[in-house]
Amino acid sequence: MAAGTAWDTLTNLALPDGATLLVNGAGGGVGLPLVQLARRRGLRVVGTASPGKHELLAGFGAVPVAYGDGVADRIRAAAPDGVDGALDLVGGDALRAVAGLVPPGSLYSIADKPLVAQLGGRDVTRDRSTAVLDALVRLVADGGLDPMVRTTRPLDEAGAALALVEHGHVTGKVVLVL
């Protein structure tokens with residue numbers, strides 16, 4: 001579903017090949033597939049993330065930028081020709097900090113729908129059809145999309161798996177095996 005949100009974001013934005021996409025919160029569950037899919041579509045990607053995720057993002061072809069005070073200046077330095085569209089996955093002050101970098105109508109957020117609307121942006125319109133899921137499955141099967149499965153647990157350890165996810169900062173997916 002996270003990759004489906006990423007797919008739908010790219011469909012909503014409809015950026016041309018060579019455009020620059022900003023992913024605010026690129027190191028998470030939606031951000032990582034979004035970076036991969038955007039790069040496959042020929043987009044340049046600048047992604048905000050904690051420094052611990054920078055190497056991973058760079059490995060997928062994104063330009064990582066540390067979030068926090070001064071993030072707008074760091075994004076401008078990473079994308080001197082500007083940003084053509086953005087997806088915010090953080091909300092609040094982090095969304096406010098990047099909103100002015102994006103052209104009108106090209107700012108989306110799934111993290112803070114009321115604030116993005118106040119800032120002139122919008123929510124991602126979702127296509128939850130089997131066509132999207134089929135396309136994503138084909139990409140995974142062909143090696144074009146890494147689903148980031150990093151931990152598997154047997155079903156009887158579901159509680160421990162959930163605790164691991166809730167603890168935060170898990171890189172990749174935790175999968176229960178039946």
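Close amide-amide hydrogen proximity is noted between residue 90 and 111, each under 5 Å apart and 5 or more residues distant or on a separate chain (H modeled in the peptide plane; Pro and chain starts excluded).
Here the relative contact order of the chain, from alpha carbon pairs under 8 Å that lie six or more residues apart, stands at 20 percent.
For the chain, a Gaussian network of Cα nodes joined below 10 Å ranks 80, 64, 104 by mean-square fluctuation, and the top entry is 80.
Determine by what factor the alpha-carbon radius of gyration of the stretch 56-101 differs from 2.2 N^0.38 Å, reporting the quotient. Don't skip to the end; give the middle numbers.
Values: Rg = 10.7 Å, N = 46, 2.2 N^0.38 = 9.4 Å.
Normalised by 2.2 N^0.38 Å, the Cα Rg of the stretch 56-101 equals 1.13.
Each of 170, 149, 83 has its accessible area taken with a 1.4 Å probe; listed largest first, they run 149, 170, 83. Amide H contacts of residue 15: none lie under 5 Å away among residues 5 or more positions distant or on a separate chain (H built 1.01 Å from N in the peptide plane; Pro and chain starts excluded).
Computed per residue of the chain from DSSP H runs no shorter than four, each worth -39500 (n - 2.57), the mean residue ellipticity at 222 nm is -11500 deg cm²/dmol. The value given for the stretch 1-59 is a Kirkwood hydrodynamic radius of 11.2 Å, derived from the mean inverse Cα-Cα separation. Ligands, DNA and RNA are left out, and with a 1.4 angstrom probe the accessible area of the chain is 51 Å² per residue. Each other residue within a Cβ distance under 13 Å of residue 61 adds +1 if Lys or Arg and -1 if Asp or Glu, for a net charge of +2.
Spatial offset of the stretch 130-176 relative to the stretch 101-124 amounts to 28 Å, using the alpha carbon center of each.
In this rough spin-label picture, where each label sits 7 Å from Cα along the Cβ direction, the residue 149-residue 177 distance is 0.9 nm.
The values are calculated or read from the model by the stated rules, or taken from the named source; none is laboratory data. It should be emphasised that the depicted structure is a prediction, and the values quoted were computed from it without experimental measurement. For neighbour counting, all protein chains shown are included, and Cβ atoms are generated from backbone atoms with ideal geometry for every residue, glycine included. For the accessible areas, the whole protein counts, side chains as well, though only heavy atoms, and no ligand, DNA or RNA atoms are used. Shrake-Rupley method; radii C 1.70, N 1.55, O 1.52, S 1.80 Å.
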